[in-house]
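To keep things clear, I will list the structure first and then write my remarks on it.
The values are calculated or read from the model by the stated rules, or taken from the named source; none is laboratory data. None of these values were measured; they are calculated from a predicted model. We place every Cβ from the backbone using ideal geometry, glycine too, and count neighbours over all the protein chains shown.
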Amino acid sequence: MRRFRVAALQQPGTELQLDREASHHLLVVCRHPRGQPVQLFAGGARQTATLTDVRDGAAILTITSAPAPVDAAPATHLIIGIPKGPALERALRMATELGVTEIHPALAKRSVLRGERRPRWERVVHSACQQCGRADIPTLHPVRTLPEALEQVPPDLPRFFGAPNAPTLPPVSGPAALAVGPEGGFDTAETTILARAGWRATCFGPHVLRSDTAVAAGLGALRSGGGRAPE
């Protein structure tokens with residue numbers, strides 16, 4: 001079923017007009033026929049609607065079900081040292097698909113940032129939510145320095161950062177935080193900052209990973225097995 005993010009869910013029987021981008025995707029790209037259902041999501045809930053009309057190129061939907069809350073995933077903070085090129089967008093997409101709730105882009109020593117592209121990054125996150133079935137949208141925080149980003153993470157969470165030759169990352173079932181460096185990883189000074197702030201050095205596997213792959217591997221390990229937070 002096609003899924004679309006909207007500003008707010010409505011009560012059954014209400015008409016709702018999709019915005020220009022969503023209407024184009026539904027009507028032109030997907031060629032969605034009238035009378036067929038779609039799914040809408042906002043604020044951690046979802047509902048169904050039916051395409052009933054087209055007005056001036058805009059898709060008109062009629063709401064057919066009441067909003068249904070979706071069980072919230074445990075809070076997961078991700079600090080990612082901004083990598084070069086399109087790797088950040090891939091990391092944002094995978095982090096969203098894997099359930100991250102708070103994304104903190106950070107300027108590390110080895111980061112390469114050629115202008116903050118926040119509107120595009122937000123579109124990547126929203127599109128990933130739409131594709132993967134999430135009803136909530138992760139919070140994408142402003143770009144900060146690494147020490148500033150660390151201050152945004154609650155200190156009572158189990159907190160881990162990627163480092164070579166460190167113990168294997170344990171699974172955690174509750175709220176947790178993960179920090180992944182840019183290409184080349186965090187430098188020695190940064191790992192010292194992380195350790196002094198209470199973050200534990202861990203590795204995500206036996207091989208050297210690209211930064212976006214490390215995000216996927218780290219989050220997968222963190223949430224695998226239904227484990228409990230280590231003492």
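Summary table below
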read-out: Residue list for region 89-146, restricted to those being within 22 Å of GLY44 (Cα to Cα), in a loop (DSSP other than H, G, I, E, B) and hydroxyl-bearing (Ser, Thr, Tyr); value: THR101
read-out: Matching residues, region 42-56, being under 21 Å from HIS126 (Cβ atoms) and either out of contact with any Pro (no Cβ under 9 Å at 6 or more places or on another chain) or of a type in the set (Ser, Thr, Tyr) (or both); value: THR48
read-out: Matching entry among GLY185, GLY198 (being out of contact with any Lys or Arg (no Cβ under 7 Å at 6 or more places or on another chain), touching a residue at least 40 places away in the same chain (Cβ under 8 Å) and in a loop (DSSP other than H, G, I, E, B)); value: GLY185
read-out: Residue satisfying all of: in region 15-48; more than 25 Å from the chain's Cα centre (by Cα) and under 28 Å from THR139 (Cβ atoms); surrounded by the most Cβ atoms within 10 Å (Cβ to Cβ) among these; value: LEU16
read-out: Members of region 1-14 that are part of a loop (DSSP other than H, G, I, E, B), surrounded by 15 or more Cβ atoms within 10 Å (Cβ to Cβ) and among the hydrophobic types (A, V, I, L, M, F, W, C); value: VAL6, LEU9
read-out: Qualifying residue in region 42-58 (condition: in contact with a His (Cβ under 7 Å, 6 or more places away or on another chain) and either over 30 Å from LEU150 (Cα atoms) or outside the structural domain of LEU194 (by TED's automatic domain parsing) (or both)); value: yes
read-out: Residues that are among the basic types (Lys, Arg) and either loosely packed, with under 13 Cβ neighbours inside 10 Å or not assigned by TED's automatic domain parsing to the domain that holds GLU183 (or both), drawn from region 106-141; value: ARG114, ARG118, ARG120
read-out: Counted residues, region 44-98 - those being farther than 23 Å from ASP187 by Cβ, touching a helix residue (DSSP H, G or I) at 6+ places or on another chain (Cβ under 7 Å) and among the small types (Gly, Ala, Ser); value: 3
